[in-house]
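In what follows, a single structure is set out as structure tokens and then discussed.
The values are calculated or read from the model by the stated rules, or taken from the named source; none is laboratory data. Because the structure is a prediction, the values reported are computed rather than measured. Cβ placement follows ideal geometry from the backbone for every residue including glycine, while neighbour counts extend to all protein chains displayed. To get the accessible areas, we keep the full protein, side chains included, count just its heavy atoms, and leave off ligands, DNA and RNA. Shrake-Rupley method; radii C 1.70, N 1.55, O 1.52, S 1.80 Å.
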Amino acid sequence: MTDPVGARRVVDPVSKDGYELEFEDTFDGDSLDLTRWLPHYLPQWSSREASAARYEVGGGALRLVIEADQPPWCPEFDGQTRVSSLQTGVFAGPVGGPVGQSRFRPGLMVRQAQENARLYTPRYGLFELRARAIDDPRCMVALWMIGYEDEPDRSAEICICEIFGRDMAADRAGVGMGLHPFGDPRIRDEFSVEDLAIDARDFHVYAAEWTPGYVAFFVDHQLVKLVEQSPGYPMQFMLGIYEFPEDQPGHPYPKQFVVDYFRGYRSTRANSG
């Protein structure tokens, strides 16, 4: 981090002074809490059946898995990509129309009607994930925030962490973080892959503080990146593992993204949005 002045403005990610816990899932039971998570990936562009996540909950952990017999989630628009992902909201318009979250390519049309839901869609806060990635060269794991997109330009993304297996080694990992505008003209693209001296196959804490004026990104409670811009509308979380149809061989199945916990905190300060 090269901005010591900016660093003094951000939260202490250990004490979390100025924040209080509002959302926590430590996956201590034996089933997924469906009042917190929708076990599908952008189902409006495919279907709830085709986009259903495969996962296990037990032993105090969530395991999002890709299995050998798992079909691609949306072959019409995303080829042979396979996904197991959870999300904390869904918004889409009528079948046959173009209205829906995360329009990842032109020509998308809603394929299945969805019951719009906002399970956890905060505006600003401090969010952290403790998880371990997989070094499979065909896989990527990520925690993203995306605009709820009840208005088309409320569509930016805050990427808290995005880790490709091909960018991992025993003593380092490339961790993607930052902002993408997508359909939001007020946000400029400000994303980077930070080379960090960590073994991402082990558990690490990935976090972001989102305020009206900036977004700060942390790994293991250390400030890594500060972005001096910020979306100003509710956003939902997308937590998942992806497998891409690469030519190089991958690891044996099942492929797992293991999550210890996810927590969300709201600001206790006045005028915090």
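Assorted remarks:
- Residue ID - modelled with the lowest pLDDT, chosen from residues in segment 235-273 that are part of a loop (DSSP other than H, G, I, E, B), closer than 28 Å to residue 37 by Cα and in contact with an Asp or Glu (Cβ under 8 Å, 6 or more places away or on another chain): 251
- Number of the exception - residue 189 against (1) more than 24 Å from residue 65 (Cα to Cα); (2) open to solvent by less than 10 Å² (accessible area, probe 1.4 Å): (2)
- Scanning segment 62-91 for residues that are in a strand (DSSP E or B) and open to solvent by less than 20 Å² (accessible area, probe 1.4 Å) yields a total of 11.
- For segment 105-206, the strands (runs of 3 or more DSSP E) that sit wholly inside it and include 1 or more residues that are in contact with a Ser or Thr (Cβ under 9 Å, 6 or more places away or on another chain) are 125-132, 139-147, 157-164, 172-180.
- Some residue of segment 165-176 being in contact with a Phe, Trp or Tyr (Cβ under 9 Å, 6 or more places away or on another chain), open to solvent by 10 Å² or more (accessible area, probe 1.4 Å) and either without any contact (Cβ under 8 Å) to a residue 12 or more places away in the chain or closer than 25 Å to residue 209 by Cα (or both): no
- If you go through segment 224-259 and keep only what is of a type in the set (Gly, Ala, Ser) and either touching a Cys at 6+ places or on another chain (Cβ under 6 Å) or closer than 22 Å to residue 155 by Cα (or both), you end up with 230, 232, 240.
- Index of the failed condition, residue 42 passing every other in (1) surrounded by 18 or more Cβ atoms within 10 Å (Cβ to Cβ); (2) at negative phi; (3) modelled with pLDDT of 95 or more: (2)
- Looking at 106, 94, just one residue is under 16 Å from residue 48 (Cα atoms), open to solvent by 70 Å² or more (accessible area, probe 1.4 Å) and not polar (S, T, N, Q), and that residue is 94.
- Scanning segment 147-195 for residues that are closer than 17 Å to residue 226 by Cβ and at pLDDT below 95 yields no hits at all.
- Residue tally, condition in a loop (DSSP other than H, G, I, E, B), in contact (Cβ under 8 Å) with a residue 40 or more places away in the chain and among the polar types (S, T, N, Q), over segment 30-55: 3
- Test: residue in segment 196-215 that is at pLDDT 95 or above, in contact with a Lys or Arg (Cβ under 7 Å, 6 or more places away or on another chain) and exposed (fewer than 14 other Cβ atoms within 10 Å of the Cβ): yes
- Among the residues of segment 16-29, those identified as assigned to a strand (DSSP E or B), open to solvent by 40 Å² or more (accessible area, probe 1.4 Å) and not hydrophobic (A, V, I, L, M, F, W, C) are 20, 22, 24.
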